[in-house]
1. Select, from GLN506, GLN453, the only residue that is at pLDDT below 90, of a type in the set (S, T, N, Q) and under 45 Å from the mean Cα position of the chain (by Cα).
2. Hey, could you check the range 392-406 for residues that are open to solvent by less than 70 Å² (accessible area, probe 1.4 Å) and closer than 11 Å to PRO442 by Cα and say which is nearest to the chain's Cα centre (by Cα)?
3. Kindly establish whether VAL227 is of a type in the set (Val, Ile, Thr) and part of a strand (DSSP E or B).
4. Any idea which residue in the range 134-157 is modelled with the lowest pLDDT, counting only those that are basic (Lys, Arg) and outside any helix (DSSP H, G or I)?
5. Keeping to the range 341-361, report how many residues are exposed (fewer than 11 other Cβ atoms within 10 Å of the Cβ), under 36 Å from the mean Cα position of the chain (by Cα) and not in a strand (DSSP E or B).
6. With the requirement that a residue be within 30 Å of ARG112 (Cα to Cα), of a type in the set (A, V, I, L, M, F, W, C) and open to solvent by less than 10 Å² (accessible area, probe 1.4 Å), what does the range 172-209 give you?
7. Name the residues in the range 101-133 that are in a loop (DSSP other than H, G, I, E, B) and either of a type in the set (A, V, I, L, M) or out of contact with any strand residue (DSSP E or B) (no Cβ under 6 Å at 6 or more places or on another chain) (or both), would you?
8. Within the range 502-526, can you find the residues that are in a loop (DSSP other than H, G, I, E, B) and either open to solvent by 50 Å² or more (accessible area, probe 1.4 Å) or more than 25 Å from GLU379 (Cα to Cα) (or both)?
Amino acid sequence: MPGIALAPSRRLKCTLTGVLLASAFGLALAQTSVPRGDPTLSLPAAAPAASPAATMAAPSAPMVSPASPHHQANAQSEVFGAQLFTGAFANAGTTPFNPDYLIATGDSVQVRLWGAFSFDAPLTVDPQGNIFLPHVGPVQVRGTRNAELQERIEAAVRRTFRTNVSSYASLAAAQPVRVFVSGNVNRPGLYGGTSMDSLLHYLDQAGGIDPGRGSFLAVQVKRGNAVRATFNLYEFLTRGRMPLVQLADGDVIFVPPRQGTVRVSGLAQNARRFEFATDAAAPTVASLAELAKPMAQATHVRVVRNTGTVRNTEYYPLSEAAGVSLQNGDELEFTANKKPGTITVRVEGEHTSPQEYVLPYGTRLGALLSQIQVTTDAEAQSVQLFRQSVRQRQKEMLETSLRSLEAALLTARSGSSDEARLRKDEAELTLQWVDRARRVEPLGQVVIAQSGQRDDMLLENGDVLRIPRKDGLVLVSGEVLFPNAVAHEPNLSLQDYIGRAGGYTQTADNSRVVIARRDGSFEQTDARRLNANLVVRPGDQVLVLPKVDEKRRQFWKDMTQIIYQIAVSAKVVFGL
């Protein structure tokens, strides 16, 4: 408010969030100082306008940048065919040789004569359709096929020089033309090129067909009031067919409005929105499947009818859906309606049985264990089970915790500018630690109870069952001086095992020690207190967690919890 003066200490107070928001707000103002959507404002202010002569000298130069918003939107559009217009055709050069091209006024023909008479020069086709050869006179070439140009020139030369003069002729440059692109395109206008450039070259310069309005099935080339050719771009996308048309100065490429559409989703390689001609027979599921390419695992198709305010759903097996007719606005989804029949489980470790088991769906752990012949060195009571779905859930929970920590770091408030700088430095270091923590991969181990309920556990496809070996070792890792494997002795306590690994480091938290059992279970204990019930078994892993300084770390509780979570799920100690 005006008239209120703040004390100097008050003026120095700020928050890290306020600094970040101010920077973001300033960047937003800088980005919005030029209105978006007006392509002329993206040019430098001092750039001179191109003259007509310069435009004609380089007719094939693209007028739209490949990185334009229209090209980026086409690349990400769900409409089938929009991926054609990403700037690649606009940057393409002139077609080097088209045998069916008809020589037109303004074309440049390179003629070479040698022998008794020498001549080498490019000749331009005049308005009467002729080129003038010395000692030969005018030669009519307009309307001649490119493939027949050599024969026409050679025949004219032979009428004057019957012997001792050879000739060679080729089309040096096609006539520069300017073609109108109109209708449902992103940037209608007049675009330069040559008469040998393809239809896609001019459409791409115009930003491509508008996916929401334009038709890909009936692109027209007009000359005056007559339609010279009609193109179906789906033929080019699916079969590689693109008839060449010779464009002239003033021709119009017109994109009519979009016709009927059907949206495809689900198990399809081309899950996009497809167009069909409304004046032809209604498309069927079979005809649309040729474009959508259903995946091998698809077994059924769901058809959601566009019936106004009411949505009706139909469900067919693919074998029965081929003749189902579709209407404008319908939605098609390819699905897999398969019942699991068998699963595969891999068995590793100390056993003499097969490595892979194909089991009926619904098989329980006890049924599989009864088929496994373990060796004499196996520790059968500590069977380990690793599951992909558990591994994925552990990864998701870890990611959730890390995102929560990131949000807390970036929104922390500070009482002064000095504290804000300290918080910023702390946030940068912690974010680096979060980035490394994201790369930790959980094991996905399932805790197997030793009671009778263990045998009732259902197996899943892809499970890995591991039967460990009796090694008689205890692995001590984490914040100890010499992480190592220690031979198991029944009379040693937890503190004794840690002592044989060199004892704690200065950053160790001896009040948080995790003992990971081989079967996936774990215990957390305070090594400073004697626990008579705690027994260290052979094969156990002792994890000494690091200490997070609560005086220096504002979010030490969150970080401590994440360190503990990583130790339990990945069996590693991830320190600061």
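The values are calculated or read from the model by the stated rules, or taken from the named source; none is laboratory data. The structure presented is a predicted model; accordingly, all values stated were derived computationally and were not measured. A quick note on method: Cβ atoms are made from the backbone with ideal geometry, for glycine too, and the neighbour counts reach across all protein chains shown. Only protein heavy atoms, including side chains, enter the accessible area calculation; ligands, DNA and RNA are left aside. Shrake-Rupley method; radii C 1.70, N 1.55, O 1.52, S 1.80 Å.
1. GLN453
2. Only one residue fits best here, namely LYS395.
3. yes
4. Per the stated criteria, the residue is ARG145.
5. The qualifying residues number 1.
6. Selection gives VAL177 alone.
7. Matches in the range 101-133: TYR101, ILE103, ALA104, THR105, GLY106, ASP107, ALA116, SER118, VAL125, ASP126, PRO127, GLN128.
8. GLY502, GLY503, THR505, GLN506, THR507, ASP526
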